[in-house]
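To keep things clear, I will list the structure first and then write my remarks on it.
The values are calculated or read from the model by the stated rules, or taken from the named source; none is laboratory data. Given the structure is predicted, the values throughout are model-derived calculations rather than measurements. Using ideal geometry, Cβ is built from the backbone for each residue, glycine included, and neighbour counts are taken over all protein chains shown. The accessibility values were calculated without ligands, DNA or RNA, using every heavy atom of the protein model including side chains. Shrake-Rupley method; radii C 1.70, N 1.55, O 1.52, S 1.80 Å.
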Amino acid sequence: MSPLNSKLIKTQCYMDGCWQDAADGGRFEVLNPASGERVAELANAGAKEAKLAIEAAHAALPAWRAKTAKERSQILHRWFRLVMDHQEDLAQILTAEQGKVLAEARGEIAYGASYIEWFSEEAKRVYGDVIPAPAGDRRIVVIKQPVGVVASITPWNFPNAMLARKAAAALAVGCTVVAKPASETPLSALALAVLGEEAGIPPGVFNVVCGDDAEAIGRELTAHPLVRKVTFTGSTAVGKLLLKQCAETVKKTSMELGGNAPFMVFDDADLEAAVAGAMAAKFRNAGQTCVCVNRFLVQEGIYDAFAARLAEEVAKFKLGNGAESDTTMGPLIHGKAVAKVKEMVEDAVGKGAEVLMGGGVSAVGPEYFEPTVLINASAEMRIHAEEIFGPVVALFRFKSEAEGLALANETPFGLAAYFYTQDASRQWRVGEALEAGMVGINETGISNEMAPFGGIKESGSGREGSKYGIEDYVEIKYMCMGGISGS
Ligand code: SIN
């Protein structure tokens, strides 16, 4: 049976343990970015369904948070195993709705599952504290409790992993979840719900509301007083809007927003290591990740050699449908994304950048952008200020460490940053000076479940993964125990 016909394909919302249509019977289409063909037609939920899902999550909260940490841990661990047992089917669904190549889709399923596994373990380590009290007859005890109903709003670029890492942390500590996946890629989220149910997640604990009116659903999730936390991955513009909406009911928030990652190459870098790191950090998901390199800042002594070697590697890409085995880069998510990347390249060229390779929409089809290398980029160009979200390398030149650092930090964003140098002192100096939540030093593979993923400045707040990731889903309660005699 084709995975696209398997038990994992669901076309209704998952609320209170039931598969449900929208009350008005509305439907919306999910298209394959590689071909524009329809992958599925789904129930088009709106604010009304979001409200029902919130109420279901609220009703399910007391029993879920009352389970022992070990019971929640075991359910999450079963979910992790089921996801890995279905890795291939989930990857094919992901490629069909998102467009990334199958090898990357398989990687994303394992990446998402690693967070479920991690938080199944962390569930048992939500420790409190006992603090010395100011008086002998008192004790200060700190406990950590689940925040309550969590609304999770996730993007189309990692439809499995972004939801997995939010939901697993929330469920681990005893929160319940209403998930709103991007309307471009809801099938991966619904497939996770199928496996969650099989793993034993009780009705109402994990709900998925899908629909193409993100604004209406988002408004309900951010306004409803029963939602106590909103966790979002997406653009800074939408994140700011959600923050404003959450202010009304003073919700806790975690925001994983846009980036503008610098990748610095110093004259003393290992050239081959820098090129390999650059390829991985620029072209993952065709450049559509928020930690993708946006600006390559290269010191003048190594600039030409780095540009030439990088162009050699970029020339090797084979564009095509991600489901085909020889494809190494898929399409962008849709025509609007292609148009934006094209405009940014044209802006750069108009302001003096030189095209070393690529530079336009690919002959493969209108959803494909050519892997592109631009040299002589400068701070006046849009690519310096805005997230490209496409397969475009822009090379800026700098002379001194101080000049390079100033350029790197000249952005309101602060998600990821990378740099290559073999000078041990510089590794510390630059690592500490870069304004980013995550810094890769002679390494670009920074994303994993054991490390805290998140940004500073306008790239957001909160951390996902690691021991810190759990903190985003708990409230601290201090209890002062009085009247203790005999001490
Ligand atoms: C993202 O692009 O939002 C996430 C990328 C990652 O987890 O590495």
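Does region 192-271 come out rounded, prolate or oblate, given a ≥ b ≥ c as the square roots of the eigenvalues of its C-alpha gyration tensor, rounded meaning a/c under 1.5 and, failing that, prolate meaning a/b above b/c?
oblate
Skip the ligands, DNA and RNA, and give the accessible area per residue of region 261-448 with a 1.4 Å probe, whole Å².
38 Å²
Averaging the inverse of every distinct alpha carbon separation and then flipping it gives the Kirkwood radius. What is it for the chain, in angstrom units?
23.4 Å
Give the Debye-formula value of log10 I(q)/I(0) at each listed q (0.19, 0.20 Å⁻¹), with one equal scatterer per alpha carbon of region 112-240, two decimals each.
-1.05, -1.15
What FRET efficiency comes out for the pair Lys70/Ser6, r = Cβ-Cβ distance, R0 = 30 Å, nearest 0.05?
For R0 = 30 Å, the calculated efficiency reads 0.40.
Would any residue of region 331-346 have its amide N under 20 Å from a label point 7 Å out along Cα→Cβ of Glu386? List them or say none.
Correct set: 332-346.
With runs of 4+ DSSP H residues as the only contributors, calculate the mean residue ellipticity of the chain at 222 nm using -39,500 (n - 2.57) per run, divided by the residue total and rounded to the nearest 500.
-12000 deg cm²/dmol
Please report, largest first and rounded to whole Å, the three semi-axes of the ellipsoid equivalent to region 261-448, where each semi-axis is the square root of five times an eigenvalue of the C-alpha gyration tensor.
Semi-axes (√(5λ), whole Å): 26, 17, 15.
Computing the accessible area with a 1.4 Å probe over protein heavy atoms, can you report the carbon and sulfur percentage for the chain?
53 percent
For region 19-70 and region 383-410, compute the distance between their C-alpha centroids and round to whole Å.
Each part reduced to its Cα centre gives a spacing of 40 Å.
To the nearest 10 degrees, how steeply does helix 161-173 sit against the main Cα axis of the chain, on a 0 to 90 scale?
Roughly 30 degrees, rounded to the nearest 10.
In square angstrom, what is the accessible area per residue of region 135-242 with a 1.4 angstrom probe?
On a per-residue basis, region 135-242 sits at 24 Å².
Near Thr328, within a Cβ-to-Cβ distance under 9 Å, what is the net charge of the other residues, with Lys and Arg +1 and Asp and Glu -1?
Charge balance in the 9 Å sphere: +1.
Please give the FRET efficiency for Asp304 paired with Tyr468, using the beta carbon to beta carbon distance and R0 = 30 Å, rounded to the nearest 0.05.
About 0.15, to the nearest 0.05.
Return the sequence-ordered ³J(HN,Hα) values of region 338-351 in whole Hz as given by the Karplus equation 6.51 cos²θ - 1.76 cosθ + 1.60 applied to θ = phi - 60°, using x for Gly and Pro.
Ordered by residue, 3J(HN,Hα) equals 4, 4, 5, 5, 4, 4, 5, 5, 4, 4, 5, 5, x, 9 Hz.
Classify region 248-330 from the C-alpha gyration tensor, please: rounded if a/c falls under 1.5, else prolate or oblate depending on whether a/b exceeds b/c.
Verdict is oblate for region 248-330.
When the label point is put 7 Å from the Cα of Ala63 along its Cα-to-beta-carbon vector, which residues of region 13-40 have a backbone N closer than 20 Å?
14-20
For Ser485 and Val250, what does the FRET efficiency come to when R0 = 56 Å and r is the distance between their Cβ atoms, rounded to the nearest 0.05?
The computed FRET efficiency comes out at 0.90.
I'd like the orientation of helix 424-433 relative to the chain: the angle between its Cα long axis and the longest Cα principal axis, in ° from 0 to 90, rounded to 10.
60 degrees
Please give, to one decimal in nm, the separation of the simple spin-label points placed at Arg125 and Ser235, each 7 Å out from Cα toward the Cβ.
About 3.8 nm separates the two model spin labels.
Under the definition of Cα pairs under 8 Å and six or more residues apart, what whole-number percent is the relative contact order of the chain?
18 percent
Quick check: pseudo-label points 7 Å beyond the Cα along Cα→Cβ at Glu346 and Ser378, how many nm apart are they?
For Glu346 paired with Ser378, the spin-label model returns 2.1 nm.
So what's the convex hull volume per residue for the Cα atoms of region 1-136, in Å³?
Roughly 179 Å³ of hull volume per residue.
Could you give the nm distance between label points at Asp85 and Asp137, where each point is 7 Å from its Cα heading toward the beta carbon?
5.9 nm
If the chain between Ala214 and Glu354 were fully stretched, how many nm would it gain, using 0.36 nm times the residue separation less the Cα-Cα distance?
Stretched out fully, the Ala214 to Glu354 stretch lengthens by 46.5 nm.
Give me P(r) over region 104-177, computed from all C-alpha to C-alpha distances, binned every 5 Å, as integer percentages.
That works out to 3, 15, 18, 17, 13, 10, 7, 6, 4, 3, 2, 1, in percent per bin.
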